[in-house]
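The values are calculated or read from the model by the stated rules, or taken from the named source; none is laboratory data. Being a predicted model, the structure only gives us computed values, none of them experimental. Virtual Cβ from ideal backbone geometry, glycine too; neighbours counted across all protein chains shown. Accessible surface is based on the protein model in full, side chains and every heavy atom, while ligands, DNA and RNA are left aside. Shrake-Rupley method; radii C 1.70, N 1.55, O 1.52, S 1.80 Å.
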Amino acid sequence: MTAAIGRFRTPGFIFGALAPALLFSLPLSAEPVVVKKIRGKAEIHRAKAPAGRWAPLRPGAPVRPGDEVRTARESRTELKLDDGSKVVLGSGSRVKVVESSPHRFFTLAAGRMKSFVKNLRPTNKFGVRTPLAAASVRGTVFEMGFDEQGNRGFLDVSRGIVSLNQDGREVDVRGGQRIDFLSDRPLGEPVRGRSTGASIEEESGEDGDRQALKREVGLGMSKEMVMAAAADEMRLAEYQEGKVLIDVHGDQVRLEEYVIRRPRDAFAAANPDRAFKLVVLNERDARFDYFYYLGLFNQDLPEDLSVALNDVRGKLSAAAPDYFLTAYEMGQSNTQDTVLDQATGGHLVKITYDGTNYCLEDPTDASNTRTILADDPFTQDGDTYHKVYDPVGDRFVNLSEAQFAAGGGQSAVYDAGTDLFRPIGTSDTFWRTSFNSYSHALNGIAKQSYIPDATQGITSILALDHDATFTFAGGSVFAVTETPSGVDSLHNRVTLFYGDGAFETVNTYIISDDGKIGPVSAFNGLASGAAFKDELLKWNYEQVYEATEFEGRKIDLVVEPKILIKSGLLR
Amino acid sequence: MRRALAVVVLFTGASLGAVEVTPLWNLDFLGGQHFFEGRASSLGGNIDVGYTPVVKFSDRWSLVPTYTGSYQGTRDVQELAGGGTLFQDSTAHGLLVKSVHQWGGRWKVKPSAGARVELLRETVGEDWGDGLFDYQKYSGGIETEYALSPQSGGRLAYDYYQLAFPNYQSLESATDPTLSRELAGEKVLDSANHMVTLGWWSPLPAEGRLDLTAYMNSRAFGDQPIVKADGGLSGSDRSDTTLSVSAQSAHRFSLGETVRGLGEMSFGYGSQNSDQNHYDARKGDFLENYYNYTQWTVAPRVSAAFGSSRWVATLGAAYQAREYGDRPAQDGNGDYLSEKLKLNVFSTRLSLAYPVAKNMKLRFQSSLAWSDSNMQYEKVFRYNYRIANYMMGFSYDY
């Protein structure tokens, strides 16, 4: 490319290149018919040469009346006429110039020739004769062929009208038509379409040159495609692990999520085979946020991690689960601020329900039991409320009469037998994990914690509100729950106001890949695990953490539910 | 002025002295949308441009510089591997310069060099050039071609190319490089490639044509350590070899005086051998030779024009069967099965073209693809899906 432009830019070279062409073009233009291009092998038999003496044909050579030109197999020759017309001889053709000016007459003895007739004066004629038929035209493009052995020929007309004459019968063949002619049959009618077989262009003609160039380009492009496919393959493999999406603020988030076994954290250093870690990494233009959950189990984890993780949120079964958490650490950070939750002393709690009370038992200590009233109604300002115990979340919820009637307050548990979530029934046994020690800190500042209530002699917590002693920053905490985007949107906000005057706010959103908040209706009626997971996979979870300690900064995390499903944490 | 002259010559194909410039153009503009599992995408447009000003210095030497550019706002079904509408849109630009030297009428030697960049946007509003999976390719090579006749010959080529994903760095590597995953490096997707190409073409009886092509590619990753059986990383990096062989035949045909057409049939075989493994942390399973596969493809295609109509209809189909030699399939819960992962993709395409002007065609095409696999675990990646698309527009080919 550079070489070509360099040539154009040099006036001296342009003149040098043009001068020979101009000089040689002068004598050529004086001849009515000259050879323009030769591909392969072509020969000429001059009119005055002895019979059988054929000489090699060269580009630029004149072809005069009486001269005969022939092309070898897989060869092509193009003749240029002084009025701008041209004639292309196909492979294995033999053509004689009968008259070259002002009329143009050729005899096609064998093979094919295509004529591009231009600028023909009304008084001039252009004709091609074969041993069987003759074609004469004005201003057109046509191809004529003759099979010497078969003694038959054809005429294909691309544009204009060609008059074909055989044995006195004359037929007009129009553009887009063709006609075959045979020695033993009278001339028929032309038909629509081209004759079968490759045309001269397809064999090696003018368009053949273009096709050859296109082929050359195509060869390069085919390799380019192979190389591009290699890039696609690599990209696709990686895409299975991470993705980019838009968060609720309209910012682009790159997301990676991992499940890790035997994490090398100090927290699990004593028993790495019992530990696993979930990691979620978020990268935005000007920030990086991450989340991790490090769990330590009661025994070495099985090969299939999901066997252990499936029961982390509790198990509905007569038999105790084999695996339960003994400790966990959950961290969130924007690389500057941190939220750290730690729990230790994890142990199983067996829960049964007699229709009135929940019975909580420590399976390792038969003397450690607690009975909790499932529904404890009370009256306030003349209205009836229900203090309902949620055995799954280990919490009490105050409900209005209407809310209670609607079945609120109770978390559903997963029933593997039906693949449905449902409340605990009177014939059920439910197992969950309780921790004897918990702490929650923001930027290293303890905000809340609990331990077993020593004043009651408790050593193993069964129900937090009964068995634990809580400590809050400033001595108290007050929670406010809101739905800032409306009750129909999956956006929830919880703010905790501590006695020390500080607060922490968590906004949680369920969002689509393009950052739109999901409607509550998206999950309406989805009670089965499979359908729920299928729907959940269409959405992402975003949590924005703000706190007094963060001084206006936020921890903004987006999590794809697939990490939870993949790990078995979500059933 | 002289620069303007050069530009005019390059774009118009004018001849200047001994230098003859032949421009080749290809332009496709198609708009449409795709449907994945019944869900329609938004309307999008695809533009493909190819421009080659072939500069012929003499009968023995030509320079073939080719620019290719594309913008894709909607995806072809064959690009939607995994059933994912992976990217919002993409654009690619490439330049390949080939110098073609003819020796003795039968031999050609063609050194070449090229560069290509592809930019992909995953989200709406993302700036071009910021795409995580943007890549650059730089290539150089040489090809020899021997023509037995104008219709038959062979070629042998060697190319070296580098693939670089400049924006891709595992977030994991930025925070904790000890997570024992194969994609935890900084340049894990970058690779250096050596490719050998063998090709042969010859005429077949009844005006047919046969094309045989084989590509052999050796790929070395500079920053992707091999995963060991315990889930840790070894000190050596991943290397792959791929093989792709295809055979294509084409025959002209006519049925009476009313139907003229071209029938094509292609067969392909591909394989990838990689020394990279995978460790599934969830299951604690070491999956050896995770990326190895073999693949077969068969693709018939028929194009036909009917009677005096100027419409050309093309009906094509493709069946691709890929089998991973060592990667096990998984059930719906993600549990590994004894059988190996198999993936079958069948696609069909119907296209109609109508010439509206010289070298310009009105086009309509519609495709449908089915992907079926024994892999039932699809929480991360889709293996079983149906997808369709339609596109219409114009193409210019000169």
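Suppose we keep only residues that are within 12 Å of chain B (Cβ to nearest Cβ) and not in a strand (DSSP E or B) within segment A:283-303. Which one would you say is surrounded by the most Cβ atoms within 10 Å (Cβ to Cβ)?
Ranking the candidates gives A:301 first.
Does at least one position in segment A:465-484 carry a residue that is over 26 Å from residue A:552 (Cβ atoms), buried (at least 17 other Cβ atoms within 10 Å of the Cβ) and in the same structural domain as residue A:369 (by TED's automatic domain parsing)? Outline the logic, then answer.
Initial filter on segment A:465-484 (over 26 Å from residue A:552 (Cβ atoms)): A:465-471.
Those still in the list that are buried (at least 17 other Cβ atoms within 10 Å of the Cβ) too: A:467-468.
From what's left, in the same structural domain as residue A:369 (by TED's automatic domain parsing): A:467-468.
Within segment A:465-484 (the criterion being over 26 Å from residue A:552 (Cβ atoms), buried (at least 17 other Cβ atoms within 10 Å of the Cβ) and in the same structural domain as residue A:369 (by TED's automatic domain parsing)), the answer is yes, since at least one residue qualifies.
Taking into account only those residues within segment B:162-208 that are at pLDDT below 90, farther than 26 Å from residue B:290 by Cα and of a type in the set (A, V, I, L, M), which is surrounded by the fewest Cβ atoms within 10 Å (Cβ to Cβ)?
B:206
For segment B:205-260, how many residues are among the acidic types (Asp, Glu) and part of a strand (DSSP E or B)? Spell out the reasoning first.
Step one: of segment B:205-260, the residues among the acidic types (Asp, Glu) are B:207, B:211, B:223, B:230, B:237, B:240, B:257.
Filter again for part of a strand (DSSP E or B), leaving B:211, B:223, B:237, B:240.
Residues in segment B:205-260 being among the acidic types (Asp, Glu) and part of a strand (DSSP E or B): 4 in total.
Could you check residue A:318 against (1) over 23 Å from residue A:451 (Cβ atoms); (2) of a type in the set (A, V, I, L, M); (3) open to solvent by less than 60 Å² (accessible area, probe 1.4 Å) and say which number it fails?
For residue A:318, the failing item is (3).
Condition check: in contact with a helix residue (DSSP H, G or I) (Cβ under 6 Å, 6 or more places away or on another chain) and among the small types (Gly, Ala, Ser). Does residue B:347 satisfy that? Spell out how you get there, then give the answer.
Values: in contact with a helix residue (DSSP H, G or I) (Cβ under 6 Å, 6 or more places away or on another chain): yes; among the small types (Gly, Ala, Ser): yes.
Yes, satisfied.
Residue by residue through segment B:355-380, note down the ones that are within 22 Å of the chain's Cα centre (by Cα) and open to solvent by less than 30 Å² (accessible area, probe 1.4 Å). Break it down stepwise before answering.
Keep residues of segment B:355-380 that are within 22 Å of the chain's Cα centre (by Cα), which gives B:363-372.
Hits for segment B:355-380 are B:365, B:367, B:369, B:371.
Looking at the structure I just gave you, is residue B:211 surrounded by 15 or more Cβ atoms within 10 Å (Cβ to Cβ) and modelled with pLDDT of 90 or more? Walk me through how you get there before you give the answer.
Details: surrounded by 15 or more Cβ atoms within 10 Å (Cβ to Cβ): yes; modelled with pLDDT of 90 or more: yes.
Judged against the criteria, residue B:211 is a match.
Anything in segment A:88-145 that is under 60 Å from the mean Cα position of the chain (by Cα) and not in a strand (DSSP E or B)? List them, or say none.
A:90, A:91, A:92, A:93, A:117, A:118, A:119, A:120, A:138, A:139, A:140
Among the residues of segment B:262-272, is there at least one that is within 11 Å of chain A (Cβ to nearest Cβ) and outside any strand (DSSP E or B)?
Scanning segment B:262-272 turns up no residue that is within 11 Å of chain A (Cβ to nearest Cβ) and outside any strand (DSSP E or B).
From A:121, A:76, grab the single residue that is surrounded by 24 or more Cβ atoms within 10 Å (Cβ to Cβ) and at pLDDT below 90.
Working: A:121 fails: surrounded by 24 or more Cβ atoms within 10 Å (Cβ to Cβ).
Result of the check over A:121, A:76: A:76.
Just need a number here: residues in segment A:388-402 that are under 46 Å from the mean Cα position of the chain (by Cα) and open to solvent by 50 Å² or more (accessible area, probe 1.4 Å). Please lay out each step first, then the result.
We begin by selecting, within segment A:388-402, every residue under 46 Å from the mean Cα position of the chain (by Cα); these are A:390-395.
Right, trim to open to solvent by 50 Å² or more (accessible area, probe 1.4 Å) and you get A:395.
Number of matching residues: 1.
What number of residues in segment B:121-154 are outside any strand (DSSP E or B) and small (Gly, Ala, Ser)? First the steps, then the outcome.
Here is the first cut: in segment B:121-154, the residues outside any strand (DSSP E or B) are B:122-134, B:150-151.
Applying the additional criterion that residues be small (Gly, Ala, Ser) yields B:125, B:129, B:131.
Here the count works out to 3.
Quick one: residue A:458 ticks every box in (1) surrounded by 15 or more Cβ atoms within 10 Å (Cβ to Cβ); (2) closer than 29 Å to residue A:337 by Cα bar one, so which box is it?
Residue A:458 satisfies every listed condition except (2).
Quick one: which of A:328, A:358, A:385 is in a strand (DSSP E or B) and open to solvent by 60 Å² or more (accessible area, probe 1.4 Å)?
The match here is A:385.
Every residue in segment A:244-264 that is more than 16 Å from residue B:127 (Cα to Cα) and part of a strand (DSSP E or B), please.
Correct list: A:255, A:256, A:257, A:258, A:259, A:260, A:261.
Under 27 Å from residue B:219 (Cβ atoms) and not in a strand (DSSP E or B): does that describe residue B:276?
Yes; evaluated as a whole, the condition is true for this residue.
I'm told residue B:289 meets every condition in (1) within 25 Å of the chain's Cα centre (by Cα); (2) assigned to a loop (DSSP other than H, G, I, E, B); (3) modelled with pLDDT under 90 except one. Can you identify the failing condition by its number?
The number of the failed condition is (3).
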